[in-house]
Every structure is written in structure tokens, then in C-alpha cells.
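Heads up: the structure comes next, in C-alpha cells.
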Amino acid sequence: MKKRENEEEMKEEIKEQGNKSEKENKHTAKKSEKKEIQKLKEKIKELEAEKEELKDSFIRKVAEFENYKRRTENDQLNLIKYAAEPFIVSVLQVYDDLERSLKHAEESDNSDSLKEGLKLVFNKFTKVLEEQGVEKIKAKGEPFDFNLHEALMQQPAQGVPPHTVLEEVEPGYKYKDKVIRHAKVIVSQEVAEPDVSKSEENDDKGND
């Protein structure tokens, strides 16, 4: 009987210990779960802060890009708008020289001096054009080239190969490697050879 009571007590004790252990496990699990939840909440806060920081950075970058784009567009527009400025500055020097030559011509009757002045202005203008990459197209005496020349007419010319430029009516020009105006020219054509056989027949008839 006593032995049975002891067994019952042992069972109760084991049961209590089991219940106690289960409670402790549950408590530990809850504590661990709370810690995980807290960690997750902190991580969410960190991610939200990082998201806001990235959002602000992105907005700043977009604004910077828009400003850069606007500045670049303005620079390009100004570049196109004032592209001819260096050339115009060079031409103005020639323009001033020409004006001075005309004033001098009004004040003087010396035609030789006027010619010399105009020649200097012309040479200076030619140099300005050459510095800008403008080149006069060779024409007279050159073989006709439809890439460079525009034939206004053809005419026979003794002793000149056919398709040769005889005269330049209007000069042509190249800008760097581009033809900006074709030279207008008169071109030679083949001269018809006299029919020797018919000429000899006529001579024979005349002799008869």
C-alpha cells in the first residue's frame, strides 16, 4: 500500500516536472518569438529609412539630370546660333578694309592705287576663306568632272581634247570635303573629222 502511494507521488512529481518544463519551454519560445518580432520590426524600420534615403537620392539625381539636360540643350542651341561667329569676326576685318578702300577711292583719282587696294582686300579675303576650309574649284583647262563642274554648254575647239573645260562662267567652291557650289563651265566637244573619201571623189570629178 505504501509502495503504491510512493508510486503515485512519483507520478505526480514527474507530471509536475513535465508541466513545469512545458511552461518553461513555452515561456522561452514566447521570449524568442518576441525577440524575432522585435528584430523584424527594427529591420523594417531600417529598410523604410533606406527606402526614403534612396527615394530622396533618386529625386535629387532626376533634378540634377534635368538641370544638366537643360544646360546642354542651351549650350547646343547657342553653339548652333553662334556657329558662324569666328568666321564673321574674320570677315569683318576684310569688310573694314574694303570700306577704307572705297573712302580712299572717293578722295583720290589714282586708279592704280585703287586697284592695288582692292587687290590687297581680295587677297586678304581669299586667305580668310582658305583658313575656314573654303577652296576654289579648279576649272579652266581641267577635264570635265560632273562632281565639281556644271556644264552650261558644249562647243567644238580645235586642238583641245573633248570634255575639257574651255571657260569658267562662274567659279565653284568646296567647303572642306563638300562641294557647296559647282563651277559653271563651257566644255569642249569632239570636232567632226572631214570625210576624206568624199573629198577625194570630188577632186577626181573636177579633174575629169
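All of the numbers you see were taken from the coordinates with simple rules; none came from a lab. Note that the structure is predicted; figures quoted are calculated from it, not measured. Positions of Cβ are backbone-derived with ideal geometry, glycine not excepted, and every protein chain shown enters the neighbour counts.
Listed values for segment 173-184 are Karplus-derived 3J(HN,Hα) couplings in whole Hz (6.51 cos²θ - 1.76 cosθ + 1.60, θ = phi - 60°), namely 9, 10, 10, 6, 9, 10, 6, 9, 7, 6, 6, 8, and x replaces Gly and Pro. Packing, as the average of other Cβ atoms within 10 Å across residues, places the peptides 185-191, 39-45 in the order 185-191, 39-45, highest first.
Alpha carbon centre of segment 47-84 versus segment 103-159: separation in Å? A separation of 51 Å, based on Cα centres. For segment 84-132, just say rounded, prolate or oblate: build the C-alpha gyration tensor, square-root its eigenvalues into a ≥ b ≥ c, call rounded for a/c under 1.5, and beyond that prolate if a/b exceeds b/c, oblate if not. The shape class here is oblate.
Peptides 78-85, 173-180 ranked from most to least packed by the mean count of surrounding Cβ atoms within 10 Å: 173-180, 78-85.
The H on the amide N of Q189, modeled in the peptide plane, is under 5 Å from the matching H of Q155, A157, H163, each at least 5 residues off or on a different chain. Pairs to check: K103/K184; K119/K140; K31/K51. Give those whose C-alpha atoms are more than 24 Å from each other in this structure. Flagged as over cut-off: K103/K184; K31/K51.
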